[in-house]
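Contents: one structure, followed by commentary.
Readers should treat all values here as calculations from the given coordinates under stated rules, not as data from a laboratory. None of these values were measured; they are calculated from a predicted model. Glycine gets a Cβ as well: all are built from the backbone with ideal geometry, and neighbour counts include every protein chain shown.
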Amino acid sequence: MKRLLLFTFMVLLVLPLSAQKRYDEIEYPEMNPINMPEVEEFTLDNGVTFFLVEDHELPLINVRATIRTGELLEPASKAGLASITGDVIREGGSENYPADELNALLENRAANMSTFIGFNSGSAQLNVLKEDFDDLLPVFVDVLQNPAFPEDKIELAKTQTKSAISRRNDEQSQVGFREFSNLIYGDNSVYTRQTEYATVDNITREDMVDFHDNYFVANNMTVGIIGDFDTDEMKQKLREAFGSLPAGKETNMVFPEVDYEYPSTINFVNKENVNQSFVVLGHIGGLRENPDYPALQVMNEVLAGGFSGRLFQEVRTNLGLAYSVGGSYGANVNYPGVFRLITMTKSSTTAEAIDAILKEVKRLQEEPITQEELELTKDQFLNSLVFRYDSKSKILNERIDNEYLGLSPDAFDELVEGIKATTIEDVQRVAREYLKPEQVQILVVGNEDEIGDQLQKYGNVNKVDISIPEPPSDEEEVAGDAAQGGEWLEKMADAVIEPGTDMGPIFVESVITQQTQMGPMEITSTAITNYDDYSSERTMQTPQGEIQMKIENGGGTMSMMGQERPLPPQMATPVTNEMKRNYIAIALNKDELEAEYLGSETVDGEELEVIRIKGDVTVTYLLDAESGLPARARYSEMNPQTGQRSQAESVFSDWEVVDGVALAYTTVTYVDGEEAATQKVESHSIED
Amino acid sequence: MGTFLLLLIMGAFFAPAQAQYLEEFEDKVTEFTLDNGLHFIVIERHDAPVASFYTHVDVGGANEPVGNTGIAHIFEHMAFKGTHYIGTTNWEEEKKVIAAMDQAYQEWLAEKYSSNPDSSIMEEKWAEFEQLQEESKQYVVNNEFSQIIERNGGSGLNASTGADFTNYFYSLPSNRAELWFNLEADRFKNPTFREFYVEKEVVREERRMRTESSPVGRLVEEFLAVAYTAHPYGRPVVGWDSDITATTIEDARDFYDTYYVPSNITIAIAGDVEPDRMKELAETYFGDLREGEPAPPVTTLEPEQRGERRFTIEGNTQPIMLIGYHGVSESHPDFEALNLLGNVISSGRTSRLYKKLVDEEQLALQVGAFNGFPGSKYETMFLTLAVPNMGVELDTLETAVYTEIDAVKNGALTQEELDRARTNIRASLIRSLNNNTGLARNFASTHATQGDWREVFRRLDRIQQVTLEDLQRVANEYLSKDNRTVGATVRAES
């Protein structure tokens, strides 16, 4: 008996203090209260508003200014102005703190300073160790108030912006997001507008100075400060530092209406070297100010929230079609958001994935969600609320962001109440009211050869052209004499095509010697070209074998060893342009072209008459005054390899006339001053 | 006397930062190790009623057996599939079907890779496998494990796999800490390999997304494969496609048995929690985690490189270039000097590479140099990334990078540059100390790799000891032509 007792006692001793439970048997203690920090707000006479929060955990101070400005305010012809201005304010420093000095000053003290202008807001931030604050706050304000905008930093920002443009088609998802926004808001909408080489070139230093002076004023500035400081002392420092900012005028941000018709479209961008389709589908979304906003958030969670959403469950977990799937019915405060669902799936299952996503959208409309789903969503939302307030800086930032956007301070509390009150019926009702699965736009960025004809069933596939508009030529535009230009163009046209000639497609046999990195390469070419519609068929014998090229409507195909493949736009476009610049094309289409006479020029002892011809392409011809035949042509073309413009010059000689059409039997072309190719024609004729 | 005084002053000047923080954290950190070897670090931060939980497993792509690259990552995915009672309606029945399904798949594989595969047998095995897979689905409660976490307010739920490690993490309202203990212990005690073969297709989509369809992804995969001839750092963490095909549930279970042992796992919890309670819960839920044998080390060493390696990938995207040099593992005395070297030459607008290549000569859109790629546990690489501006030839940029590196080798670095880098490293450490997830991650991984979370702060002492001469010496020793691999994406010649 005694033994037994002892034994029991020992068992009790080794038992753990608590036992393992099932997860659903755990009882949770009360949550500790959330400590909401004091936020001190005050406004200076000039209009700068401050929000201060003390946070003594680390010896750091962070200042973040939000500025009422944005890309929204820049003219379309200068797209990129806001972003580049935002960049150069910091990069260029001020008169007192020029860039190099500023960088050394900040980095010696491990301080971070940045300025940025986005779509509908600007920001400037300073993060410093507490002991450096007094020294660096005036520097920060000086840079904000008196940026120097030095030419070299402007040039640097422009170069970098252009490099980024040249890279914007490299990653599939970037192409997908951008082109889908275009489909929803329209190509020329302020909400999707792209910065182009040409718009960057249009931006001047004066534009940037004006942009800064208009918007970086006290009335546009809300400043949040958080860190290891005493509020009263800090207020005094801020008054001194920001007090001299000009008051200025508060910016009126106008967000244009979006006119959306709910078209059903299927769109495609071809991307080589990928084996996965980036799929995005949807239509316009809504505004934040909407009594249905909370129900729509519940709907979003059920459809695509986290690991529990239906899309994740079905498209990823059940079907194994994707790693990444998601999206939402988006709502913005100031302009309509986008309803957008996205996935990435292997080429062969592109349509299967699209159908699986659309099926889930329709299911939301056709069947009520389950009680379980509703509760899961509400629990998830309400139990994670604490993470909204788990740091003082989050609380401060939310306060400033709401203030900036014009959301009422209790907007979030209203959302919480709205979500609590949402019913199963509400979710089905908003799904029916706001989602239109029969009227979606679908965009696929993927590999055409692998995808095949999967997309045809959604309608006529619209191929989206994503080729990057070339920068305009660097040549100085000198206005020439139009009347004389027209006369010289007539003379040249008559010299190239005898008046009264019955034109047809022109057949040319030639040998082209092309300079390559491996030395000269000889190509025998026969080509039939129709300069009426810029179509041509060409057969080339090259050391690597026979190549056939077919060009029409600005596009084309190339086949080699029985393998036909489409010509990418960066190749088809220069080939088409070459036809458009040809003297025969110019002679044939002279009535649609404008010509300017730029005077005469002596080249290699010969005096030549110079005319610039403008149509779809621009080319300068140097004509022999007596015969009117072109001696030289100058033009620039995008080099698809380098992404830069090259300057080219062709020199024509050995003219022969057959069937009323004159052709230079020798053409030598120089690119950027170096000999690139020589064409020797063997025969030419006009086809019937 | 004078020198002594100077030393004292210097000491007083440099010591405070790290000493002060280390002292503060000594008060906030509690550590304990369970009898089975599982180590816990608890970091108290009572500002908000939340906590972050972070599990660091000392296994990654480098530990994978030949033929099963990607298995560490596949297992990471399986850790979200539930346990013996979460994610299933009937585990007893389900496990039989899973076993039969794996058997059928293995037989299919055996036929596929036999010297003379018979297509009708393959079809038959595949049909059998598919039928069992379909059958297994009837027991599955989709994503129940993750849903429980989300429903309880879980935030930032995720996991990742690297060359050296696998980690699992999320945050909860701190009153729900017991839920984390319950679920985390359960998933590592009772893995089920549920939905294994469908999940491999998800992983393959991840591979397509991150590697096969991404210009940078393709470049990095090729780069490592060229740079390493012997050491597993040369293999992709996501795995080769054919290895993903060849990996079975049995393989994954063997991998789990070998590496998911308590001595190979470090857990950190940061937030509004009581250390005593955490210890109690740790013993309750993790006390019976099987002890297992210590995980085996990687024994292959990368042999000395015999000459420069170069490759290009032609494509239709803009060029990007990687230049990498074989270096040392993090336990080597030169590791910190190489870290600091990367920092000195490329971090910030005043750094040499930025100032020359990005700012003054405008050759590069972006340029960076850092030590420790793709991991740091084993001999790793010092990597330079260079992205040329539009119209700049890669050759020009590459030459310009070498010019800067040569200057460093010839002693061009100044004390000012070194001091600045040290100051910035110290400040970025301070900036990293105010969020639970970051703290948990940093302390757990530092404990796992260096044996003590205090090394987070002691690193500041180590970088203080690195001199200009050290930087010059390591530049000369490691950044040589014979020791380098250069890879680039270039536009195809049309």
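Restricting attention to the protein assembly as shown, close to 85% of DSSP beta bridges with both partner residues there are antiparallel. Here, region A:52-123 is characterised by an Rg to Rh ratio of 1.07, where Rg is the alpha-carbon radius of gyration and Rh the Kirkwood radius. What separates the Cα centres of region B:38-103 and region A:273-325 is a distance of 26 Å.
Per residue, what volume in Å³ does the convex hull of the Cα atoms of region A:298-340 enclose? Mind dumping the intermediate values first?
Numbers: hull volume 2.8 nm³, N = 43.
In region A:298-340, the Cα hull volume divided by residue count equals 65 Å³.
Taken over the protein assembly as shown, the percentage of Cα pairs per 20 Å bin, counting from 0 up to the bin with the maximum distance, is 9, 33, 38, 16, 3, 0, 0. Working ranking of peptides B:218-230, B:290-302, B:434-446 by packing, defined as the average number of other Cβ atoms within 10 Å per residue, highest first, is B:434-446, B:218-230, B:290-302. Going by alpha carbons, how many degrees (0 to 90, nearest 10) lie between the helix axis of B:468-478 and the longest principal axis of chain B? Orientation of helix B:468-478: about 50 degrees from the principal axis. Counting only aspartates and glutamates at least 8 places from residue A:21 when in the same chain, those with an alpha carbon closer than 16 Å to its own are B:178, B:184, B:186, B:280, B:283, B:288.
Would you mind calculating the relative contact order of region B:203-339 from Cα pairs under 8 angstrom and at least 6 residues apart, reporting the percent as a whole number? With pairs under 8 Å counted, the relative contact order is 27 percent. Beyond 29 Å, the tail of the calculated P(r) for region A:265-463 holds 31 percent of the Cα pairs. Relative to the dominant Cα principal axis of chain A, helix A:424-434 is inclined by about 20°.
Pick out, in residue order, every one of the chymotrypsin sites (Phe, Trp or Tyr not before Pro) in region A:197-288 that is DSSP loop and has at most 12 other C-beta atoms within 10 Å; say none if there are none. The qualifying sites: there are none. Taking amide H positions as modeled 1.01 Å from N, with prolines and chain starts lacking one, the residues under 5 Å from residue B:380 and 5 or more places away or on another chain are B:327, B:328, B:329. Under 5 Å from the amide H of residue A:284 lie the amide H atoms of A:339, each residue being 5 or more positions distant or on a separate chain, with H modelled from the backbone and absent for Pro and chain starts. Every Cα-Cα pair in chain B was counted, and those over 34 Å apart are 45% of them. What separates the Cα centres of region B:225-242 and region B:246-324 is a distance of 15 Å. With N as its number of residues, region B:132-209 has a Cα radius of gyration that, divided by 2.2 N^0.38 Å, comes to 1.26. Look at the alpha carbon pairs under 8 Å that are at least 6 residues apart: their mean separation over the length of region A:265-463 gives a relative contact order of 42 percent. Of the GluC sites (Glu not before Pro) found in region A:400-477, the ones in coil according to DSSP and having at most 10 other Cβ atoms within 10 Å of their Cβ are A:476, A:477. Note on region A:128-158 and region B:383-458: Cα centroid distance 24 Å, given to the nearest whole angstrom. The lysines whose alpha-carbon is closer than 27 Å to the alpha-carbon of residue B:356, local same-chain residues fewer than 8 away aside, are A:153, A:158, A:162, B:409, B:481. Measuring nothing but how far apart in sequence close Cα pairs (under 8 Å, 6+ apart) lie, relative to its length, region A:482-686 scores a relative contact order of 22 percent. Sequence-ordered 3J(HN,Hα) estimates for region A:395-404 from the Karplus curve with 6.51, -1.76 and 1.60 and θ = phi - 60° stand at 5, 5, 4, 5, 4, 5, 4, 4, 4, 5 Hz, glycine and proline given as x. Filter the chymotrypsin sites (Phe, Trp or Tyr not before Pro) in region B:93-192 down to the DSSP loop ones having no more than 15 other Cβ atoms within 10 Å, then list what survives. Sparse-neighbourhood loop chymotrypsin sites (Phe, Trp or Tyr not before Pro): B:113. 3J(HN,Hα) along region B:314-324, derived from phi through the Karplus expression 6.51 cos²θ - 1.76 cosθ + 1.60 where θ = phi - 60°, amounts to 7, x, 10, 10, 6, x, 9, 10, 10, 10, x Hz, with x in place of Gly and Pro. The spread of Cα positions in region A:197-290, taken along each principal axis and listed from longest to shortest, comes to 60, 37, 35 Å. Rounded to whole numbers, the Karplus 3J(HN,Hα) couplings from phi for region A:676-688 are 10, 7, 10, 10, 10, 8, 9, 7, 8, 7, 9, 6, 7 Hz, using 6.51 cos²θ - 1.76 cosθ + 1.60 with θ = phi - 60°, and x at Gly and Pro.
Computed with the Debye formula from one identical point scatterer per Cα of region B:309-491, without solvent, the log10 of I(q)/I(0) at q = 0.12, 0.13, 0.17 Å⁻¹ comes to -0.61, -0.71, -1.13. Kirkwood Rh over alpha-carbon pairs of chain A, then Stokes-Einstein at 37 °C and 0.692 mPa s: what D in µm² s⁻¹, rounded to an integer? Rounded to a whole number, D works out at 106 µm²/s. Filter A:271/A:680; A:237/A:394; A:346/A:463; A:420/B:189 down to the pairs with a C-alpha to C-alpha distance above 27 Å, please. Beyond 27 Å between Cα atoms: A:271/A:680; A:420/B:189.
Close amide-amide hydrogen proximity is noted between residue A:603 and A:608, each under 5 Å apart and 5 or more residues distant or on a separate chain (H modeled in the peptide plane; Pro and chain starts excluded). For a distance above 22 Å, tell me the whole-number percent of Cα pairs in region A:482-686 that qualify. Cα-Cα pairs in region A:482-686 separated by more than 22 Å: 50 percent.
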